[in-house]
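Heads up, the thing below is written out as structure tokens.
The values are calculated or read from the model by the stated rules, or taken from the named source; none is laboratory data. Remember, it's a predicted structure, so these values are computed and weren't measured experimentally. No Cβ is skipped: glycine too gets one built from the backbone with ideal geometry, and neighbour counts run over all protein chains shown.
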């Protein structure tokens with residue numbers, strides 16, 4: 001997502017950018033051997049063991065260029081005057097139905113929603129992720145996608161999609177509020193209970209920016225000596241603000257565990273129907 005937003009300073013939202021994001025995504029995730037950054041050159045399917053018994057078969061490769069061209073044109077058209085939220089919902093179905101990659105279509109399709117809303121000024125920061133909502137309601141999600149494909153049931157899909165946007169936005173607001181409250185609570189405890197409050201607050205500030213840090217990194221970034229930083233980390237451990245996660249004496253890594261707990265809510269992998277790929 002951040003790569004895509006950075007590249008938008010130089011290029012428009014496009015198929016080229018989607019391929020770049022896909023290549024980057026598969027560098028460190030599952031599917032690394034399935035043509036990162038390249039649109040598929042073979043038939044894929046969703047559900048079942050072969051196209052003949054699949055739940056859904058995306059367009060054949062002979063139609064892929066035409067479908068992708070229509071997707072890119074729809075991203076940029078303004079004659080319909082559709083609100084950006086509605087278009088984001090339509091684009092997601094269009095992308096998932098084309099299923100242009102051998103792997104990673106679901107992840108890119110969810111990123112595309114957030115990216116599109118950022119491009120069109122609905123979001124100032126990429127703080128809305130639909131993954132948790134779609135995972136929680138996965139049966140409805142897959143059913144509604146299929147009903148659009150088979151019956152043209154766009155209204156039911158958009159009702160579901162917009163409810164997900166509202167639910168996710170409310171969750172993001174709640175998480176942000178809890179993070180602000182957590183930072184305030186820990187700062188107050190550090191100020192009241194730490195013998196090295198000044199240094200401890202500087203360290204606490206760094207953990208807000210990066211919830212995983214080593215003692216050496218903290219020495220480099222805050223200025224105090226290594227013994228002082230180690231004493232501060234002991235204070236923060238005692239106060240429950242940070243936690244050492246390696247169990248080693250050297251090369252220790254600390255994390256801001258309660259902050260991470262809020263950030264990590266709902267980030268378990270989103271499972272999907274079995275997909276096959278023919279040679």
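Looking only at the stretch 18-30, how many residues end up being touching a residue at least 40 places away in the same chain (Cβ under 8 Å) and either assigned to a helix (DSSP H, G or I) or under 19 Å from residue 129 (Cα atoms) (or both)? Steps first, please.
Residues of the stretch 18-30 touching a residue at least 40 places away in the same chain (Cβ under 8 Å): 18, 21-22, 25-26, 29-30.
Keeping just the survivors that are either assigned to a helix (DSSP H, G or I) or under 19 Å from residue 129 (Cα atoms) (or both) gives 18, 21-22, 25-26, 29.
Residues flagged as touching a residue at least 40 places away in the same chain (Cβ under 8 Å) and either assigned to a helix (DSSP H, G or I) or under 19 Å from residue 129 (Cα atoms) (or both) within the stretch 18-30 amount to 6.
One residue stands out among those in the stretch 238-251 that are touching a helix residue (DSSP H, G or I) at 6+ places or on another chain (Cβ under 8 Å) and not in a loop (DSSP other than H, G, I, E, B): the one that is nearest to residue 264 (Cα to Cα), which is 243. Per the listing 81, 143, the residue uniquely over 20 Å from residue 37 (Cα atoms) and not in a helix (DSSP H, G or I) is 81. Among the residues of the stretch 73-85, those that are free of Cβ contacts under 8 Å to residues at least 60 places away in the same chain and at negative phi comprise 73, 74, 77, 78, 79, 80, 82, 83, 84. When the residues of the stretch 187-200 are filtered to those that are surrounded by 16 or more Cβ atoms within 10 Å (Cβ to Cβ) and in contact with a helix residue (DSSP H, G or I) (Cβ under 9 Å, 6 or more places away or on another chain), which remaining residue is nearest to residue 222 (Cα to Cα)? Result: 199. Checking each residue of the stretch 86-100 against the condition of being surrounded by fewer than 20 Cβ atoms within 10 Å (Cβ to Cβ), in contact (Cβ under 8 Å) with a residue 24 or more places away in the chain and outside any helix (DSSP H, G or I) gives no match. Any residue in the stretch 151-161 that is under 25 Å from residue 262 (Cβ atoms) and part of a helix (DSSP H, G or I)? Looking through the stretch 151-161, none of the residues is under 25 Å from residue 262 (Cβ atoms) and part of a helix (DSSP H, G or I).
Would you confirm whether or not the stretch 224-237 contains a residue that is in a helix (DSSP H, G or I), in contact with a strand residue (DSSP E or B) (Cβ under 9 Å, 6 or more places away or on another chain) and crowded, with 17+ Cβ neighbours inside 10 Å? Reasoning before the result, please.
So in the stretch 224-237, the residues in a helix (DSSP H, G or I) come out as 226-237.
Imposing the further condition that a residue be in contact with a strand residue (DSSP E or B) (Cβ under 9 Å, 6 or more places away or on another chain) reduces the set to 233, 236-237.
Of the ones still in play, those that are also crowded, with 17+ Cβ neighbours inside 10 Å are 233, 236.
Checked the stretch 224-237: at least one residue is in a helix (DSSP H, G or I), in contact with a strand residue (DSSP E or B) (Cβ under 9 Å, 6 or more places away or on another chain) and crowded, with 17+ Cβ neighbours inside 10 Å.
None of 50, 16, 73 is surrounded by fewer than 15 Cβ atoms within 10 Å (Cβ to Cβ) and more than 25 Å from residue 149 (Cβ to Cβ) except 16. Please go through the stretch 172-223 and give me each residue that is in contact (Cβ under 8 Å) with a residue 40 or more places away in the chain, part of a loop (DSSP other than H, G, I, E, B) and either closer than 26 Å to residue 126 by Cβ or touching a strand residue (DSSP E or B) at 6+ places or on another chain (Cβ under 6 Å) (or both), ordered by number. 211 - this is the single residue of the stretch 172-223 that is in contact (Cβ under 8 Å) with a residue 40 or more places away in the chain, part of a loop (DSSP other than H, G, I, E, B) and either closer than 26 Å to residue 126 by Cβ or touching a strand residue (DSSP E or B) at 6+ places or on another chain (Cβ under 6 Å) (or both). For the stretch 147-167, filtered to residues that are surrounded by 18 or more Cβ atoms within 10 Å (Cβ to Cβ) and in contact (Cβ under 8 Å) with a residue 40 or more places away in the chain, the residue that is farthest from residue 56 (Cα to Cα) is 165.
Whether any residue in the stretch 127-136 is in a helix (DSSP H, G or I) and crowded, with 20+ Cβ neighbours inside 10 Å is what I want to check. Show your work before the answer.
Taking the stretch 127-136 and keeping what is in a helix (DSSP H, G or I), we get 131-136.
Within this subset, residues satisfying the condition of being crowded, with 20+ Cβ neighbours inside 10 Å are 133-134.
So far as the stretch 127-136 goes, yes, one or more of its residues are in a helix (DSSP H, G or I) and crowded, with 20+ Cβ neighbours inside 10 Å.
The set of residues in the stretch 31-40 being surrounded by fewer than 17 Cβ atoms within 10 Å (Cβ to Cβ) and either in a helix (DSSP H, G or I) or modelled with pLDDT of 95 or more (or both) consists of 38 alone.
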